[in-house]
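Enquirer: I am attaching a structure below and will ask some questions about it afterwards.
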Amino acid sequence: MYSGARARITTLYSCAPTTTILVLGKQRRQEEIEGRPHVIDWRDDDYAVVDGETVVGRIRREQLPGGFRWQWFLQTKPVAPPPNSGTCETLDEAMAQFKARCLRALDQQCSKSPG
């Protein structure tokens, strides 16, 4: 469905304006790219969010008490302050919320850095 989908965002990275491209790719493909052994049978609705060669998060469809929903979460170092995850009805909503939270987390990092 969204394999190879790209979401271009303008953000503050290293506290200087740049353009970052976040790539949404299948989790099983990311495992292959990283050279990890195939241990988990990844579902087709499980995606890694990648910035360059760095995995910055994950978006996947999960069965929750209210039915199936899309769950997203950041995987950053240092860990961004909460909230670092959320759930949505659609994959498009999950991508939008992930992008917005990623921008806020990077902005918070830059506002704390000296200089």
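Enquirer: With r as the distance between the Cβ atoms of Asp92 and Arg29 and R0 = 25 Å, compute the FRET efficiency 1/(1 + (r/R0)^6) and round to 0.05.
Expert: Working: r = 21 Å, r/R0 = 0.83.
Efficiency, rounded to the nearest 0.05: 0.75.
Enquirer: What is the gain in length, in nm to one decimal, between Leu64 and Asp45 on full extension, counting 0.36 nm per residue of separation less the C-alpha to C-alpha distance?
Expert: Details: separation 19, 0.36 × 19 = 6.84 nm, distance 1.47 nm.
Going from the current span to full extension adds 5.4 nm.
Enquirer: Taking θ as phi - 60°, what are the ³J(HN,Hα) couplings along region 66-72 by the Karplus curve (6.51, -1.76, 1.60), each to the nearest whole Hz, with x for Gly and Pro?
Expert: With the stated coefficients, region 66-72 comes to x, x, 6, 9, 8, 9, 10 Hz.
Enquirer: For Ala100 and Gln71 in one chain, what is 0.36 nm times their gap in residues minus the Cα-Cα distance, to one decimal in nm? Mind dumping the intermediate values first?
Expert: Details: separation 29, 0.36 × 29 = 10.44 nm, distance 1.46 nm.
Length difference between fully extended and current span is 9.0 nm.
Any read-out appearing in this document is the output of simple, stated calculations on the displayed coordinates, not a laboratory observation. What you see is a predicted model, and the numbers here were worked out from it, not measured in a lab. Positions of Cβ are generated from backbone atoms using ideal geometry, with glycine treated the same way; all protein chains shown enter the neighbour counts.
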